[in-house]
Amino acid sequence: MKMFAVARWEYVEKIKSKAFLISIIVLPIFMIGMGLLPSYVATQPESESKVIGVFDQSGEVFEPLKEYLDLHYLLANGKPNYVIVPVADTVNTVNEAKNLVDALVLAGGIEGYIIIPKSIMSDTSVEYRSENIGNTRVTDRLANAVRELIIQRKLHNQGIDPVIVRQLTTPFGLRTIRIAKDGEQETDPEEYLKIFFTAFVFQMMLVFLVLTSGQLLVRSMLEEKSNRVIEVLVSSCSSNDLMTGKILGLSALGLTQLVIWLFIGLTLSLKFNVTLVSFPSAALLLCYVVLGYIMYAALFVAIGAPVSTEQEAQQITTYLTLVMFVPVALSFSLMQNPGSTLIKVLTFIPLMTPTMMAMRIPIHMPALWEIIGSLAVLALSALLMMWAAGKIFRVAILVYGKRPSLGDIVRYLRAN
């Protein structure tokens, strides 16, 4: 059939392009970097000691705080993670201390400093001042250390035995068990974070796969319209054969790219003995990818057929890009509460279904009714989009110069 000839031509021409060859290598490296680099950076131990100043008006916290941090936080080389030094010993008021030590912080002499007021035993309020307050590792550790020391001092002042104090304030370990229908598994929070970034990588790869291949299709159609090749093609085969062939060729191209990426991922997982996603989950994800890809391919055909310039196509595809990135923006919320009503509702919006499920399945397998329902919605949407793309393509493919209005699009859909 002629549509298979068109599909073969589209596939062969696109697979030989430099853009496709580059995307096979560059995009996986980029996506793996985006998924693994944040967690790698976040879990890296510090390599240099940080100097932290303490302005202790109470006279009761400096030495215990220094001992506590020296005991609990050490660098890999055995040196203390935090060097605690007294600051502003010669002044009496907080404002004088701030004027003096703020300049020291801005000059780079110390990382920051903590103000311990005289009333620390009653109001338990301290202030940490630094040029970089975004370092939550430092602020959390200082807050936890001061809080524990104040609790111990208050218990001691009540005449409670120090041994009992240590027993009461000994940190306890929290085991985190991930349960599923196929069993349970003890999972460290950091491991769960890796699962999240794995899901994030799947999601972003699907987004970039659709966008890059879709852009190739739109540019191909614009080029054929501009040099009037489309008129020759339409004279040789029907518009439906031409449209279907383009979608099949693009789908085959996208699936080729996906298979190569999956092979790379499988090779890496076997080499490093890391299971990125189970086989049933991978098979289910593939269903969403295929159906979503066909739907988006038809959508790009519908977008590319009426327009006549690259600028018009870029403007329209930008809106589609924004819709596809909505699930990306909700990634952290999805990780914390994958079963929320909002997440479930967004799953059944066809334009978001593939990317939402690419995120949900590795993190928390949705209920069976959600899987069946979302697959049905996605399959129906793909069929409807193919029908609509055929209507628009058949009428608009030979339209030049004038950007079609919404009314024109409606007339295209009503055309026999």
Across the stretch 329-349, the tally of residues that are surrounded by fewer than 14 Cβ atoms within 10 Å (Cβ to Cβ) and either closer than 27 Å to Gln215 by Cβ or not aromatic (Phe, Trp, Tyr) (or both) stands at 9
Within the stretch 350-366, is even one residue within 25 Å of Leu250 (Cα to Cα), surrounded by fewer than 22 Cβ atoms within 10 Å (Cβ to Cβ) and among the polar types (S, T, N, Q)? no
Consider only pairs whose beta carbons are under 9 Å apart and that are at least six residues apart or on different chains; among these, list those whose first residue lies in the stretch 58-77 and is small (Gly, Ala, Ser) and whose second residue is assigned to a helix (DSSP H, G or I). Ser58/Ile120; Ser58/Met121
Need the failing condition index for Glu96 against (1) charged (D, E, K, R); (2) in a helix (DSSP H, G or I); (3) modelled with pLDDT of 90 or more, just the number. (3)
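Can you name the residue in the stretch 120-134 that is touching a residue at least 24 places away in the same chain (Cβ under 8 Å) and over 15 Å from Glu148 (Cα atoms) and is also surrounded by the most Cβ atoms within 10 Å (Cβ to Cβ) among such residues? I'd like the intermediate steps shown before the answer.
Initially, the stretch 120-134 is screened for residues touching a residue at least 24 places away in the same chain (Cβ under 8 Å), giving 120-121, 124, 129-131.
Narrowing the set further to residues that are over 15 Å from Glu148 (Cα atoms) leaves 129-131.
Values: Arg129: 16, Ser130: 19, Glu131: 13.
Checked the stretch 120-134; the qualifying residue surrounded by the most Cβ atoms within 10 Å (Cβ to Cβ) is Ser130.
The values are calculated or read from the model by the stated rules, or taken from the named source; none is laboratory data. The shown structure was predicted, so the numbers you read here are calculated from the model rather than taken from an experiment. Positions of Cβ are backbone-derived with ideal geometry, glycine not excepted, and every protein chain shown enters the neighbour counts.
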